[in-house]
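Just below is one structure, and these are the notes that go with it.
No value in this document is a laboratory result; all are computed from the given coordinates. Source: prediction; values computed, not measured. Because the Cβ atoms are built from the backbone with ideal geometry, glycine has one as well, and the counts that use them run over all protein chains shown.
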Amino acid sequence: MLAIAVIGVLLAGVVFMNVAVLRLNVRLDELGRDRARLRAENASLASEVSSAQAAARIQAQAQKDLGVVPASAEATTFVDLPPK
């Protein structure tokens with residue numbers, strides 16, 4: 001009778017450990033997906049920063065080398081095109 005109780009407790013322990021490992025694996029998969037998503041987001045943001053820096057650098061270079069300045073609002077005109 002004691003042997004059956006010991007085997008029952010051991011089997012319950014094995015089941016408990018399997019459930020714990022399964023939960024950890026599920027959490028690990030979730031974290032892996034989050035990490036992949038965050039890496040993709042970081043790459044996208046790095047690209048945006050790079051583009052913004054390039055535009056500012058080009059504008060500064062044009063002002064320095066060519067004397068180009070942004071047009072004022074008063075100097076901007078619009079042309080109305082007739083509808084097709």
Place +1 on the Cβ of every Lys and Arg and -1 on the Cβ of every Asp and Glu in the chain, take the dipole about the Cα centre, and give the residue among SER47, MET17, LEU2 whose Cα lies farthest towards its positive end. LEU2
Helix-derived [θ] at 222 nm for the chain: sum -39500 (n - 2.57) over DSSP H runs of at least 4, divide by residue count, nearest 500? -29500 deg cm²/dmol
Using the crude model of +1 on Lys and Arg Cβ and -1 on Asp and Glu Cβ, and no other charge, please compute the dipole size for the stretch 1-75 relative to its Cα centre, in debye to 20. 300
Estimated distance in nm for a label pair at ALA75 and ALA62, the labels positioned 7 Å out from Cα along Cα-to-Cβ: 1.2
Taking R0 as 25 Å and r as the Cβ-Cβ distance between ASN18 and ARG39, the FRET efficiency 1/(1 + (r/R0)^6), rounded to the nearest 0.05, comes to 0.20
Among VAL26, ALA36, ALA62, which residue has its Cα furthest toward the positive end of the charge dipole of the chain, with +1 on Lys/Arg Cβ and -1 on Asp/Glu Cβ? VAL26
Cα long-axis angle, helix 2-66 against the chain (0 to 90 degrees, to the nearest 10): 10
Given charges at beta-carbon only (K, R positive; D, E negative), |dipole| of the stretch 32-84 in Debye: 400
